1. Residues of the range 97-118 being part of a loop (DSSP other than H, G, I, E, B) and surrounded by fewer than 11 Cβ atoms within 10 Å (Cβ to Cβ), which ones?
2. Out of all the residues in the range 22-31, which are surrounded by 13 or more Cβ atoms within 10 Å (Cβ to Cβ) and in contact with a Gly (Cβ under 9 Å, 6 or more places away or on another chain)?
3. Output the qualifying pairs, or none if there are none: Cβ atoms under 8 angstrom, residues six or more apart or on different chains, first residue in the range 68-95 and among the charged types (D, E, K, R), second residue at pLDDT 90 or above.
4. Of (1) closer than 29 Å to GLY22 by Cβ; (2) at pLDDT 95 or above; (3) touching a strand residue (DSSP E or B) at 6+ places or on another chain (Cβ under 7 Å), GLU97 satisfies all except one. Which?
5. So which residues in the range 15-71 are part of a helix (DSSP H, G or I) and small (Gly, Ala, Ser), if there are any at all?
6. Among the numbered criteria (1) among the hydroxyl-bearing types (Ser, Thr, Tyr); (2) under 20 Å from GLY110 (Cβ atoms); (3) assigned to a helix (DSSP H, G or I), which single criterion is violated by TYR81?
7. Looking only at the range 32-69, which residues are in contact with a strand residue (DSSP E or B) (Cβ under 7 Å, 6 or more places away or on another chain), within 26 Å of THR8 (Cβ to Cβ) and surrounded by 18 or more Cβ atoms within 10 Å (Cβ to Cβ)?
Amino acid sequence: MLLHPPDTELAGRIAAVAARWGGTFEVLPAPDWRRVVREFDGPVVHLTMYGLPLDRVTPRLRRARRLMVVVGGAKVPPDLYRMARYNVAVGHQPHSEVAALAVTLSRLLGVPGPDAWPGAVQRIVPRARGKHVVGGRTRPHA
C-alpha cells in the first residue's frame, strides 16, 4: 500500500495487524502521489461514489495485468479524477473507503478462505455463533 501523506504511526499499526493475521502487506510512503499515479504502468482505478458502477467495469479490470486502486478521503483533489483511467463507484451513496476497497477486491479476486493467510499468528475458526480466535493472546469466546 502506498500512503499519502506518509504516516509512520499508521504504517506501524498496519504492520502489526499483518504480523498477527498473516499475509504479505507492506505500507510505503508516497510523498508525491501525482508522480506515483502518472508513472504507474497499468490502469489506475479511483474508487469514488461518483464513478461508473463497479459491476460494469469489473470485466475490464480483470483483464489488466496490473492495477493501481486509489482510495481517496473526504477531499479528493480534482486531478485524481482526471488522472485515473477508471473512476469506479461501489455504490452511489456515501460509504466507507475501506468497505469500497473490500468489495472491489472481493469482486476482482474472490473471497479468501480462512486458511488463506500463511504465517498468521492468530486465525479465526469459523462458527455459526460467537467467535473463536486461536493463537496470539486472544482467548476463545462462547
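1. GLY110, VAL111, GLY113, PRO114, ASP115, PRO118
2. GLY22, GLY23, VAL27
3. So the pair list comes out as ASP79/ARG34; ARG85/PRO43; ARG85/VAL44; ARG85/VAL45.
4. So the condition that GLU97 fails would be (2).
5. ALA15, ALA16, ALA18, ALA19
6. Exception for TYR81: condition (2).
7. Those that are in contact with a strand residue (DSSP E or B) (Cβ under 7 Å, 6 or more places away or on another chain), within 26 Å of THR8 (Cβ to Cβ) and surrounded by 18 or more Cβ atoms within 10 Å (Cβ to Cβ): VAL37, VAL44, HIS46, LEU47, VAL69.
The values are calculated or read from the model by the stated rules, or taken from the named source; none is laboratory data. Because the structure is predicted, anything quoted here is derived from the model rather than measured. Positions of Cβ are generated from backbone atoms using ideal geometry, with glycine treated the same way; all protein chains shown enter the neighbour counts.
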